[in-house]
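The values are calculated or read from the model by the stated rules, or taken from the named source; none is laboratory data. Keep in mind it's a predicted model, so treat the numbers as computed, not measured. Cβ atoms come from the backbone with ideal geometry, glycine included; neighbour counts cover every protein chain shown.
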Amino acid sequence: MRALPVNRRTSLTLTAGAVLLLAAVLGGCAKPAAAPAAAATPPAITYEAHVSADGRPAPGATLHNPHEGDRAVAANGAQLFTAMNCDGCHGPDASGFVGPNLGDGRWRYGGADSEVFMSIYYGRPKGMPAFGGAIGEDGVWTLVTYLRSLKAPDNLPTQTFGKP
């Protein structure tokens, strides 16, 4: 085979063609548009069960239930409680079954609205799954509002959880 004569003009034409081809290929491989930012996670809260290594309290904020005392939201929370199968562990009307009674006012991980929120949103060890990713912040507050609307039973079968 005989090589074709290549002059400066042919070389520039080949180089320009290669650059255009490369640009077309890379343009087709452009990154897709960025996905919308995920909802910000709620801030950590401070409560008495936090342990500090140096005597200073852990950083945290105070969460506030935006639906506090709203009966319509509590009614929606009752439906959400059933829809998310919370009653499968906590029994009908959150009266207790495999999971603890949620209407008796006794809380292992703190009973303030913000602490109950964190238990539902992030879950707890030994059985409580995290629901924050499934129902979002507003859904968790709806459940907290529902739980707060429950009347404590007259007869409590056990004592309150003591401090370790």
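Filter region 74-90 down to residues that are polar (S, T, N, Q), out of contact with any Pro (no Cβ under 9 Å at 6 or more places or on another chain) and assigned to a helix (DSSP H, G or I), then give me how many there are.
As a first pass, look at region 74-90 and keep what is polar (S, T, N, Q): 76, 79, 82, 85.
Remaining after also requiring out of contact with any Pro (no Cβ under 9 Å at 6 or more places or on another chain): 76, 79, 85.
Pick out the ones that are also assigned to a helix (DSSP H, G or I) and you get 76, 79.
Matching residues across region 74-90 total 2.
Within this structure, Phe131 fails the test of being farther than 17 Å from Ala83 by Cα and touching a helix residue (DSSP H, G or I) at 6+ places or on another chain (Cβ under 7 Å).
Screening Phe97 against (1) of a type in the set (Phe, Trp, Tyr); (2) surrounded by fewer than 17 Cβ atoms within 10 Å (Cβ to Cβ); (3) modelled with pLDDT under 90 leaves a single unmet condition, (3).
Checking the condition surrounded by 13 or more Cβ atoms within 10 Å (Cβ to Cβ) and not charged (D, E, K, R), which residue from Gly136, Gly127, Gly88 passes?
Details: Gly127 fails: surrounded by 13 or more Cβ atoms within 10 Å (Cβ to Cβ); Gly88 fails: surrounded by 13 or more Cβ atoms within 10 Å (Cβ to Cβ).
After ruling out the rest, the residue left standing is Gly136.
Of the residues examined, Asp104 is one that is among the acidic types (Asp, Glu), at pLDDT below 90 and crowded, with 16+ Cβ neighbours inside 10 Å.
Within region 91-119, restricting attention to residues that are assigned to a loop (DSSP other than H, G, I, E, B) and hydroxyl-bearing (Ser, Thr, Tyr), the residue that is nearest to Ala130 (Cα to Cα) is Tyr109.
Determine whether region 19-42 contains at least one residue that is surrounded by 10 or more Cβ atoms within 10 Å (Cβ to Cβ), within 19 Å of the chain's Cα centre (by Cα), at pLDDT 85 or above and in a loop (DSSP other than H, G, I, E, B). There is no residue in region 19-42 that is surrounded by 10 or more Cβ atoms within 10 Å (Cβ to Cβ), within 19 Å of the chain's Cα centre (by Cα), at pLDDT 85 or above and in a loop (DSSP other than H, G, I, E, B). The C-beta contact set for region 102-122 (first residue over 18 Å from His67 (Cα atoms), second residue among the aliphatic types (A, V, I, L, M) and surrounded by fewer than 18 Cβ atoms within 10 Å (Cβ to Cβ), distance under 6 angstrom, 6+ apart or interchain) comprises Asp104/Ala152; Asp104/Leu156; Gly105/Ala152; Tyr122/Ala130. Regarding region 51-73, can at least one residue be identified that is at pLDDT 90 or above, in a loop (DSSP other than H, G, I, E, B), among the β-branched types (Val, Ile, Thr) and loosely packed, with under 13 Cβ neighbours inside 10 Å? No: region 51-73 contains no residue that is at pLDDT 90 or above, in a loop (DSSP other than H, G, I, E, B), among the β-branched types (Val, Ile, Thr) and loosely packed, with under 13 Cβ neighbours inside 10 Å.
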